[in-house]
Amino acid sequence: MIQQNPAGPRPHYKPVAQLKDAETFRAYAASLRLDLPIDDVVEPAPGGPLAQPYTLAAKVPHGGTPAGPARVIGNRFCILPMEGWDGTPDGLPTELTERRWRNFGLSGAKLIFGGEAAAVRHEGRANPRQLMMIPETMKGMESLRRALAEAHAERFGETADLVIGLQLTHSGRFCRPDDNKKPEPKIAYHHPLLDRLFGISPDFPLITDGELEGLIGDFVKAGTLAGELGFDFVDVKACHGYLGHELLSAFSRPGPYGGNLRNRSRFMREIIRGLKRDAPALRIGVRLSAFDFPPFRPDAPGGTGRCLHGPEDGEYPYAFGADPENPQTVSLGEVFELIGMLRDLGTELVCVTAGSPYYNPHIQRPALFPPSDGYAPPEDPLAGVARQMRVTSEIKAEFPDLAVIGSAYTYLQEWLPHAAQRSVREGRTDFAGLGRMVLSYPGLPEDVLAGRPLNRKRICRTLSECTTAPRKGLVSGCYPLDPFYRDRTVRRPQT
Ligand SMILES: Cc1cc2nc3c(=O)[nH]c(=O)nc-3n(C[C@H](O)[C@H](O)[C@H](O)COP(=O)(O)O)c2cc1C
């Protein structure tokens with residue numbers, strides 16, 4: 001096992017496994033003043049809310065493009081993108097990557113929101129093992145999609161109601177294309193705190209407007225290739241501090257990609273416009289950090305997370321989706337404006353996430369145990385879950401016609417199906433997205449839909465080893481609970 005950070009857990013956060021019945025769960029959530037509605041009983045297929053299909057509307061014809069048929073997504077479970085840091089140096093999948101994608105197919109979820117981040121060019125990779133979607137990797141990416149679909153067909157008999165996307169990325173400030181230990185950042189603007197934390201000097205050059213134009217072309221090319229390989233949609237990634245997300249807070253950047261929201265969203269909008277032009281049959285999704293907070297760091301080695309921006313520091317105009325005067329408060333005005341613009345350009349699916357794993361992981365993937373480069377949680381992790389669920393429901397209420405996917409349910413553990421069902425039943429989200437839980441317990445959606453009790457031995461307890469492993473240069477997987485990783489001598493992937 002990977003060495004735990006000695007800091008967590010904090011004793012006053014009750015482990016979810018101790019919340020033995022719905023009343024106890026509700027009472028604990030109420031004691032924390034959290035809005036975390038759950039159903040008492042989870043209903044299986046075919047009648048249960050999580051088993052209901054969702055229909056993506058038929059594509060309207062435009063220009064010379066014929067109409068596309070409606071697509072039915074067979075249930076309300078969605079697999080969130082989850083990298084394994086296990087591709088080849090050339091950006092191709094390995095057998096480890098394929099195993100993970102097969103597990104996504106075997107899960108029973110009918111929406112695959114991107115599989116994992118695939119860079120649109122080498123320099124934009126977050127690590128030297130990240131997949132790439134470029135002409136040279138087409139065969140590998142096609143085999144990955146096929147492996148997922150075949151595994152699904154073997155278990156569930158059909159794939160007509162399985163919808164698979166590919167997440168496209170450029171890692172911006174967090175590029176490490178050649179060496180895990182060697183950052184090669186591309187920054188949209190100088191961010192006083194992130195520059196300091198990640199060692200970027202004040203005279204470090206910004207990515208140029210010309211480079212951004214070239215990159216827009218790369219995203220469009222990558223999306224077009226993904227469409228040719230049979231992916232149903234691409235996710236134009238705008239989350240977690242990577243380039244598409246960083247540009248959304250580039251208030252101080254001069255020129256056409258900074259300043260007002262139209263400029264800050266130009267990169268996203270031009271990619272989507274290009275995809276509509278060059279790959280009209282492809283559907284478009286966006287994974288969005290719908291809110292962000294300032295960076296957090298431990299208050300002492302192994303200690304609790306502390307926000308690096310205090311009230312005495314004045315305004316904080318760097319967190320998209322937060323109030324600059326009170327930057328730990330979500331503010332969705334611009335977020336709604338952005339989603340409206342992206343919807344008008346043809347975006348059909350929005351996957352809601354938050355913050356960044358590099359500088360405020362507790363709002364992004366709430367966990368009781370921090371990863372090696374993290375900090376003990378500064379709030380009960382259930383607060384992080386509730387925050388993402390609330391923001392998701394506000395986005396769904398504002399955009400009833402978009403397919404909205406919520407994230408960060410894993411920390412709910414035993415109560416995940418109960419909360420997911422309640423949210424879907426009440427229209428607070430269309431889909432419940434599963435991240436870490438699917439690494440430890442890929443069969444959870446199938447078990448829930450079949451009305452089987454959960455296998456408690458496979459429930460993710462948020463030990464964060466899936467995040468710690470890659471920080472230490474290892475492939476990612478569920479070391480504590482997936483026997484494949486638990487029993488495996490950890491070694492670098494075969495290339
Ligand atoms: C090991 C690991 C890899 C991840 N890789 C990606 C990724 O490639 N793209 C992405 O958008 N999010 C990625 N995420 C974030 C998850 O998709 C998800 O938002 C997060 O884990 C919270 O959901 P959960 O509570 O179900 O785990 C990753 C998370 C983990 C733990």
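The values are calculated or read from the model by the stated rules, or taken from the named source; none is laboratory data. This is a predicted model, so every value here is computed, not measured. Cβ placement follows ideal geometry from the backbone for every residue including glycine, while neighbour counts extend to all protein chains displayed.
Here are a few things to note about the model shown:
- T429 at pLDDT 95 or above, touching a helix residue (DSSP H, G or I) at 6+ places or on another chain (Cβ under 7 Å), more than 20 Å from A17 (Cβ to Cβ) and β-branched (V, I, T): yes
- Answer residue from the range 359-379, given it is in a loop (DSSP other than H, G, I, E, B) and closer than 17 Å to M437 by Cβ and is nearest to the ligand (Cβ to nearest atom) among those: R365
- Qualifying position, being surrounded by fewer than 21 Cβ atoms within 10 Å (Cβ to Cβ) and modelled with pLDDT under 95, among R452, R461, R486, R456: R486
- Counted residues, the range 448-465 - those being closer than 30 Å to E348 by Cα and either within 9 Å of the ligand (Cβ to nearest atom) or more than 23 Å from the chain's Cα centre (by Cα) (or both): 2
- Just one of the listed residues (G87, G105, G124) is at pLDDT 95 or above, under 19 Å from T467 (Cα atoms) and buried (at least 24 other Cβ atoms within 10 Å of the Cβ), namely G87.
- Condition check for S356: within 16 Å of the ligand (Cβ to nearest atom) and either under 17 Å from the mean Cα position of the chain (by Cα) or without any contact (Cβ under 8 Å) to a residue 12 or more places away in the chain (or both): yes
- Within the range 14-121, strands (runs of 3 or more DSSP E) holding 2 or more residues that are of a type in the set (G, A, S): 117-119
- Residues satisfying the stated conditions in the range 406-422, i.e. assigned to a helix (DSSP H, G or I), in contact with a Lys or Arg (Cβ under 9 Å, 6 or more places away or on another chain) and more than 8 Å from the ligand (Cβ to nearest atom): Q413, E414, A420, Q421, R422
- Any hit, the range 188-210, residues being of a type in the set (D, E, K, R), in contact with a Lys or Arg (Cβ under 8 Å, 6 or more places away or on another chain) and touching a residue at least 24 places away in the same chain (Cβ under 8 Å): no
- Residue pairs meeting the criteria (Cβ under 7 Å; at least 6 apart or on separate chains; first within 19 Å of D373 (Cβ to Cβ), in the range 299-316; second of a type in the set (G, A, S)): G302/A7; G303/A7; G303/A376; T304/A376; G305/A376
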